[in-house]
Amino acid sequence: MSDPLAAIAELPGVSEAVADARKAVDRLYGHRVLRRKSPEVSARSALRGARASAALEGVDVPLEAIPEATDPVVQGALRVSAELGRLGPTWRSAPRQVLARLHTLAAAGLTENPGRPRAGGEPPDLLDLGAAPGPEESVARVGGLVDLVTGTTAAPALVLAAVVHAELAVLRPFGSVDGVVARAAERLTLVEFGLDPKSLAAVELGHLELGAAYGESLRAYLTGTPEGVATWVRHCASAVTLGVREATAICEAMQRG
């Protein structure tokens, strides 16, 4: 199939969910606060996203306590969030390099070989996904993912971002904090492929707010069926919409002063 992502975009309910998320993003970008303060909104969104990603990785720290948090998972999520803006152009041309960098940032202090593909052992399974593919299969599938990111597709950015997230989450290619890397790669894809170029939507928070549906939708994706894959993409569209809601709340709070 020459454009597998385009086929995913045509699955039942996907185009409608993607369109709804697109409309939500467009409404957000019309907010008057963004005329002068979009970098500040992006920074606040990034902080909320890092906190949510750490929570999904099992370390839930209140937002107000994040700046002083010393847990290595939280610190790694913050480092990843801070670096995303500098990795954008490289993501399109050398995604494997970016993934290694993201893991190096996320896993500092947690593993002896940050940024290196796992060579063996069973990685953590926080979402009840079952056994991860072996190292060789994982490397091969990451190669396929690299081809998707560097290739061309008629599919919307959200579909690509959803597949990027899912593949990294189920492959667990590094063997530690792969979820942090997966969610960062999703956000990076939404930014670099044009859905959310200012990185305003706290999509990680959207996944957290959807609760058990996060793991359930990933398990549906793992089935490989059209229904399962569509369930996951629709979940990601909902996460984007919720992330937009959070960004809108940030804008409203800033407007009130």
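The values are calculated or read from the model by the stated rules, or taken from the named source; none is laboratory data. Predicted, not measured: the structure shown is a model, and the values here were computed from it. Neighbour counts run over all protein chains shown; Cβ positions are idealised from the backbone, glycine included. Areas reflect the complete protein model, heavy atoms only, side chains present, ligands, DNA and RNA absent. Shrake-Rupley method; radii C 1.70, N 1.55, O 1.52, S 1.80 Å.
Taking into account only those residues within segment 134-154 that are over 18 Å from Leu99 (Cα atoms) and in contact with a helix residue (DSSP H, G or I) (Cβ under 8 Å, 6 or more places away or on another chain), which is least open to solvent (accessible area, probe 1.4 Å)?
Initial filter on segment 134-154 (over 18 Å from Leu99 (Cα atoms)): 134, 152-154.
This time we only want the ones that are in contact with a helix residue (DSSP H, G or I) (Cβ under 8 Å, 6 or more places away or on another chain), so: 153-154.
Details: Thr153: 53, Ala154: 86 Å².
Only one residue fits best here, namely Thr153.
Taking the options Glu192, Glu216, Glu209, Glu167, name whichever one is over 26 Å from Cys251 (Cα atoms) and open to solvent by 40 Å² or more (accessible area, probe 1.4 Å).
Only one candidate qualifies: Glu216.
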Next on the checklist: Within segment 178-188, does at least one residue satisfy the condition of being in a loop (DSSP other than H, G, I, E, B) and β-branched (Val, Ile, Thr)?
Outcome noted: no
Next on the checklist: Based on this model, can you work out whether Glu252 counts as open to solvent by 20 Å² or more (accessible area, probe 1.4 Å), assigned to a helix (DSSP H, G or I) and within 25 Å of Val98 (Cα to Cα)?
Outcome noted: no
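Only one residue in Arg256, Arg219, Arg245 is among the basic types (Lys, Arg) and at pLDDT below 95, so which one is that? Reasoning before the result, please.
Details: Arg219 fails: at pLDDT below 95; Arg245 fails: at pLDDT below 95.
None of the other options fit; the residue is Arg256.
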Checklist entry - For the subset of segment 128-177 comprising residues that are touching a Leu at 6+ places or on another chain (Cβ under 6 Å) and polar (S, T, N, Q), which member is farthest from Ser15 (Cα to Cα)? => result Ser176
Item to check | Qualifying residues in segment 66-77 (those that are aliphatic (A, V, I, L, M) and under 12 Å from His103 (Cα atoms)) - the one nearest to the chain's Cα centre (by Cα) | outcome: Ala77
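Would you check which residues across segment 16-44 are part of a helix (DSSP H, G or I) and among the β-branched types (Val, Ile, Thr) and list them? Write out each step before concluding.
Initially, segment 16-44 is screened for residues part of a helix (DSSP H, G or I), giving 16-29, 34-44.
Within segment 16-44, Val18, Val25, Val41 meet the criteria.
So, in segment 62-80, how many residues would count as being charged (D, E, K, R) and either in contact with a helix residue (DSSP H, G or I) (Cβ under 8 Å, 6 or more places away or on another chain) or crowded, with 23+ Cβ neighbours inside 10 Å (or both)? Please lay out each step first, then the result.
The first filter runs over segment 62-80 and keeps only residues charged (D, E, K, R), leaving 64, 68, 71, 79.
Still in the list and also either in contact with a helix residue (DSSP H, G or I) (Cβ under 8 Å, 6 or more places away or on another chain) or crowded, with 23+ Cβ neighbours inside 10 Å (or both): 71, 79.
Within segment 62-80, residues that are charged (D, E, K, R) and either in contact with a helix residue (DSSP H, G or I) (Cβ under 8 Å, 6 or more places away or on another chain) or crowded, with 23+ Cβ neighbours inside 10 Å (or both) number 2.
Looking at Pro124, is it open to solvent by 10 Å² or more (accessible area, probe 1.4 Å), in contact with a Ser or Thr (Cβ under 6 Å, 6 or more places away or on another chain) and closer than 24 Å to Ala50 by Cβ?
Numbers: open to solvent by 10 Å² or more (accessible area, probe 1.4 Å): yes; in contact with a Ser or Thr (Cβ under 6 Å, 6 or more places away or on another chain): no; closer than 24 Å to Ala50 by Cβ: yes.
No: the conditions fail for Pro124.
Going residue by residue through segment 138-160, is there one that turns out to be within 19 Å of Thr223 (Cβ to Cβ) and β-branched (Val, Ile, Thr)?
Our first condition is that a residue be within 19 Å of Thr223 (Cβ to Cβ); within segment 138-160, this holds for 138, 141, 144-145, 159.
Now restrict to residues that are β-branched (Val, Ile, Thr): 159.
Yes, segment 138-160 has at least one match.
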Item to check | Within segment 19-37, considering residues that are open to solvent by 20 Å² or more (accessible area, probe 1.4 Å) and in contact (Cβ under 8 Å) with a residue 40 or more places away in the chain, the one farthest from the chain's Cα centre (by Cα) | outcome: Arg32
Checklist outcome for this item: Residue hits (segment 219-234; open to solvent by 10 Å² or more (accessible area, probe 1.4 Å) and either free of Cβ contacts under 8 Å to residues at least 60 places away in the same chain or not charged (D, E, K, R) (or both)) are Ala220, Tyr221, Leu222, Thr223, Gly224, Thr225, Pro226, Val229, Thr231
